[in-house]
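Report on one structure; see the data block that follows.
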Amino acid sequence: MALLEASGPRSTRVRDRLVRVVEAATTPLLPADYLDLFAPLRSGADLRGRIEQVIPETRDAATIVIRPGADWSGHVPGQYIRLGIDVDGVRQWRAYSLTHGPRADGFISITVKAVPDGIVSNHLVHRARRGTLVHLEPATGDFVLPERLAGEKFLFVTAGSGVTPVIGMLRNLFPATESGVLRLPRSEGLDITVVHIAPSEADSIFIRNLRELADAGAINLVARHDDEHGVLDVADLDALVPDLAERTTYACGPGGLLDALAAHHAERGIELFTEQFRPVVIAAGEGGTVAFEKAGVSLDLDGATTILDAAEEAGVLMPSGCRMGICMGCVLPLKSGAVRDLRNGEITTATPGETNAGGVSIQTCISAAAGPCAIDH
């Protein structure tokens, strides 16, 4: 015992000395920086992933298959991840739903729709290549099915890329194989109707997958294409889904659709769960001049543009994350003035000498100028 106690401190000193020698030899980098070059997905490293495939889905959407790092902890179908990728030398973060259940190969996948002027979405859909490293955060989100499913009746209402979390749920419930769609014990007795909305059939993400599930009897599919059926009026759901009142509805899509569904279901007392990845502008202030004190930049903004979007457009490097007011990755101190939360119209003010000297924390991704204001950034 005495020998072990004596050798312990000695071995520790030797190890520490070796570490200092290695660090000195690699300065200004650390040994971990070199490990990142050769084993970026190793356990203990910052969580990353490597793009393995980019699979086109439509003319402006693609599925990105990613090999996650060793410390990836899995997900529940319906959840999303925050993904960081370097675009033109700037690391950008966005939130994307995972479009699958647990996979045998351990990979994960997201499906991205390129939006006009979307920096990250266009890069991923049109420029991402196999081998590209991306940064990841653990899966999160409450848009998931209950643990007990037997005999449940669900309605999924999806529009555009809003189908992505739902397809993850459906693929987990009804895996597709070369021999067809599997009916697993966990899915026995489920009654699922999917109302999927898209501008046209050509723009309908996962329509082939959904039809495969419908042909196998796993779901009842109601495909709505604006160019063929016109824009859906949520009041039509009563006719499209006659037993609507008996179902729990999960919906993901544009804010206008979700707002209409919320009013429709509240009036009828029907349970509704929603997921949305962009803030909805429901109250715009008069705008104003936003001063970024440390950057020495001032911007004249209208009352409907988020501070984050406007600053990035002007070349100001900004912290960001999910861009939907959830992750708090975009928070900065408001030193003076007022901003308006575009989701609910709520005004946040900072008055020098009255409020905290360090400023009042605001989320720039869902805030617009409501008069002149200054931000400590």
- [ ] Please tell me if Ile366 is within 22 Å of Glu286 (Cα to Cα) and either more than 17 Å from the chain's Cα centre (by Cα) or assigned by TED's automatic domain parsing to the domain that holds Val90 (or both).
- [x] no
Task: Residue check, Leu308 surrounded by 17 or more Cβ atoms within 10 Å (Cβ to Cβ) and outside the structural domain of Pro116 (by TED's automatic domain parsing) - done: yes
TODO: Tell me which residues, restricted to the stretch 39-58, are small (Gly, Ala, Ser) and within 19 Å of the chain's Cα centre (by Cα).
DONE: Gly49
Task: In the stretch 91-102, residue modelled with the lowest pLDDT [restricted to those that are within 17 Å of Val54 (Cβ to Cβ) and of a type outside the set (S, T, N, Q)] - done: Arg94
Open item on the list: Checking the structure you have, find out if any residue of the stretch 59-72 is over 15 Å from the mean Cα position of the chain (by Cα), free of Cβ contacts under 8 Å to residues at least 24 places away in the same chain and within 17 Å of Ala114 (Cα to Cα).
Closed with: no
TODO: Specify which of the listed residues (Phe156, Phe143, Phe174) is buried (at least 20 other Cβ atoms within 10 Å of the Cβ), of a type in the set (Phe, Trp, Tyr), within 18 Å of Gly78 (Cβ to Cβ) and under 16 Å from the mean Cα position of the chain (by Cα).
DONE: Phe143
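Residues checked against (1) aromatic (Phe, Trp, Tyr); (2) buried (at least 20 other Cβ atoms within 10 Å of the Cβ); (3) touching a helix residue (DSSP H, G or I) at 6+ places or on another chain (Cβ under 9 Å); (4) closer than 18 Å to Pro77 by Cα:
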{"position": "Arg94", "(1), (2), (3), (4)": "no, yes, yes, no"}
{"position": "Ser97", "(1), (2), (3), (4)": "no, yes, yes, yes"}
{"position": "Pro102", "(1), (2), (3), (4)": "no, no, yes, yes"}
{"position": "Asp105", "(1), (2), (3), (4)": "no, no, no, yes"}
{"position": "Thr111", "(1), (2), (3), (4)": "no, yes, yes, yes"}
{"position": "Val115", "(1), (2), (3), (4)": "no, no, yes, no"}
{"position": "His126", "(1), (2), (3), (4)": "no, no, no, no"}
{"position": "Pro138", "(1), (2), (3), (4)": "no, no, no, yes"}
- [ ] For residues that are in a strand (DSSP E or B) and touching a strand residue (DSSP E or B) at 6+ places or on another chain (Cβ under 7 Å), scanning just the stretch 78-90, find the one that is farthest from Ile51 (Cα to Cα).
- [x] Tyr80
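Residue-wise test of (1) in contact with a Leu (Cβ under 9 Å, 6 or more places away or on another chain); (2) surrounded by 13 or more Cβ atoms within 10 Å (Cβ to Cβ); (3) at pLDDT below 90.
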residue	(1), (2), (3)
Pro28	no, no, yes
Leu35	no, yes, yes
Phe38	no, no, yes
Arg50	yes, yes, no
Ile55	no, no, no
Ile64	yes, yes, no
Task: Matching residues in the stretch 187-228 - criterion: being assigned to a helix (DSSP H, G or I) and surrounded by 12 or more Cβ atoms within 10 Å (Cβ to Cβ) - done: Ser187, Ile207, Asn209, Leu210, Arg211, Glu212, Leu213, Ala214, Asp215, Asp226
Task: Filtered residues of the stretch 62-81 (kept if in contact with a helix residue (DSSP H, G or I) (Cβ under 6 Å, 6 or more places away or on another chain) and of a type outside the set (A, V, I, L, M)) - done: Pro77, Gly78
TODO: Quick one: which residue in Gly337, Gly287, Gly296 is more than 26 Å from Asp88 (Cβ to Cβ), surrounded by fewer than 21 Cβ atoms within 10 Å (Cβ to Cβ) and either of a type outside the set (A, V, I, L, M, F, W, C) or not assigned by TED's automatic domain parsing to the domain that holds Asp259 (or both)?
DONE: Gly287
Open item on the list: If I ask for residues that are farther than 13 Å from Thr164 by Cβ and at pLDDT 95 or above, which ones from the stretch 108-121 would you list?
Closed with: none
Task: Candidates Val181, Val125, Val195, Val134, filtered to the one that is among the β-branched types (Val, Ile, Thr), under 22 Å from Thr274 (Cα atoms) and touching a residue at least 12 places away in the same chain (Cβ under 8 Å) - done: Val195
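The values are calculated or read from the model by the stated rules, or taken from the named source; none is laboratory data. The structure displayed is predicted, hence computed values, not measured ones. Methodologically, a virtual Cβ is constructed for each residue, glycine included, from the backbone with ideal geometry; neighbour enumeration extends over all protein chains shown.
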